[in-house]
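Presented below is the structure to which this report refers.
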Amino acid sequence: MGNFSKLGGHKILVHGGGKVATQMASRLGVSTQMVEGRRITDLPMLEVVTMVYGGLVNKNIVASLQAIGVNALGLTGADGGIIRAEKRPVKTIDYGYVGDIKAVNSDILAGFLAQSLVPVIAPLSYSMEGSLLNTNADTIASVIAVALAGKYKVSLVYCFEKDGVLSNPEDDSSVIPQLTPLEYASYKETGTINKGMIPKLDNAFDALRSGVDRVVVCHAREVLSAVKGDKGTQIRL
């Protein structure tokens with residue numbers, strides 16, 4: 001949190017919480033089903049992720065930021081109509097109450113930023129049918145960055161438990177300093193980049209193509225240096 005608080009300019013934090021949701025589901029006796037790394041969200045699981053993402057995780061992050069002088073505002077995509085989605089249609093897999101994003105209310109977000117508030121957004125969108133929908137946090141971060149790119153010079157930073165995108169998944173020091181679409185395709189073909197990193201990087205390249213100024217993948221502790229270009233993996237077109 002300390003590094004995030006030191007970032008200059010307007011800031012938005014989008015968080016996940018999948019591990020906490022799985023632990024809470026186990027405590028409550030709710031079955032967790034995953035398909036290719038994606039959570040099946042039936043009604044009992046929707047209740048769990050709503051409690052965990054929109055409540056437990058979101059409000060603890062807000063409290064931590066307030067304690068270090070960051071005036072944070074905890075939100076889901078339903079608050080202020082920030083992120084509207086549609087329930088994912090059933091094809092070969094029924095993902096349940098999972099949202100595919102259709103619209104972002106960038107004016108509301110810009111209004112919060114103008115008041116020196118830091119929106120902290122849980123990975124929940126809403127549908128016109130009045131349901132909350134479980135929505136991928138990386139995708140939310142990307143579409144928000146794109147939506148605000150018309151108003152600001154936007155940097156999109158993906159933070160996770162590694163120091164960047166790795167050329168050797170078994171070696172945490174093998175950070176790829178810069179990644180282009182051609183290199184990305186090659187790493188995917190060899191299987192070096194796989195699983196959950198693929199949708200994250202797909203979102204990264206889509207964001208750059210849609211007007212976002214900079215995208216970087218890094219460890220949370222390196223966010224300041226990564227934004228300056230000194231750490232992490234810089235995504236380039």
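All of the numbers you see were taken from the coordinates with simple rules; none came from a lab. Values in this document were obtained by computation on a predicted structure and should not be read as measured data. Glycine gets a Cβ as well: all are built from the backbone with ideal geometry, and neighbour counts include every protein chain shown.
Worth a mention:
- Trypsin sites (Lys or Arg not before Pro) restricted to segment 153-237 and DSSP loop, no more than 11 other C-beta within 10 Å: Lys153, Lys195
- Between Lys195 and Met51, residue separation times 0.36 nm minus the direct Cα-Cα distance comes to 49.2 nm.
- Largest GNM mean-square fluctuation among Val165, Val30, Val143, using the chain with Cα springs under 10 Å: Val30.
- Pairs beyond 29 Å (Cα-Cα), from Lys162/Lys228; Lys151/Lys188; Lys6/Lys195; Lys87/Lys231; Lys6/Lys200: Lys151/Lys188; Lys6/Lys195; Lys87/Lys231
- For a modelled paramagnetic label at Glu183, 7 Å from Cα along Cα-to-Cβ, the residues of segment 205-237 in reach, with backbone nitrogen under 11 Å, are 233-237.
- Centroid-to-centroid separation of segment 1-52 and segment 90-107 [C-alpha atoms, Å]: 16 Å
- Difference of contour (0.36 nm per residue) and Cα-Cα distance, Glu161 to Ala114: 13.8 nm
- For Rg and Dmax of the Cα atoms in Å, the value calculated from this model appears in (1) 18.9, 60; (2) 17.5, 47; (3) 17.2, 52 under label (2).
- Segment Tyr152-Leu28, length gained on full extension (0.36 nm per residue, minus Cα span): 40.4 nm
- Of Thr92, Thr180, Thr22, Thr76, the sequence from fewest to most neighbouring Cβ atoms within 10 angstrom is Thr92, Thr180, Thr22, Thr76.
- Inter-site label distance for Ser174 and Glu86 at 7 Å from Cα along Cβ, in nm: 4.2 nm
- Distance between the pseudo-spin-label points of Asp100 and Lys59 (7 Å out from Cα toward the beta carbon): 3.4 nm.
- For segment 171-184, Karplus couplings with θ = phi - 60° (6.51, -1.76, 1.60), whole Hz, Gly/Pro x: 10, 5, 8, 8, 6, 7, x, 9, 10, 9, x, 5, 5, 4
- Taking Cβ atoms as reference points and 13 Å as the exclusive limit, the residues near Met1 contribute a net charge of +3, counting Lys and Arg as +1 and Asp and Glu as -1.
- Relative contact order for segment 155-237, counting Cα pairs under 8 Å that sit 6 or more residues apart, in percent: 44 percent
- Helix-only CD estimate at 222 nm, as mean residue ellipticity for the chain, using -39500 (n - 2.57) per DSSP H run (n ≥ 4): -10000 deg cm²/dmol
- Working from label points 7 Å from Cα in the Cα-to-Cβ sense, the Ser5 to Val35 distance is 4.3 nm.
- Length-normalised contact order of segment 1-70 in % [C-alpha pairs under 8 Å, at least 6 apart]: 41 percent
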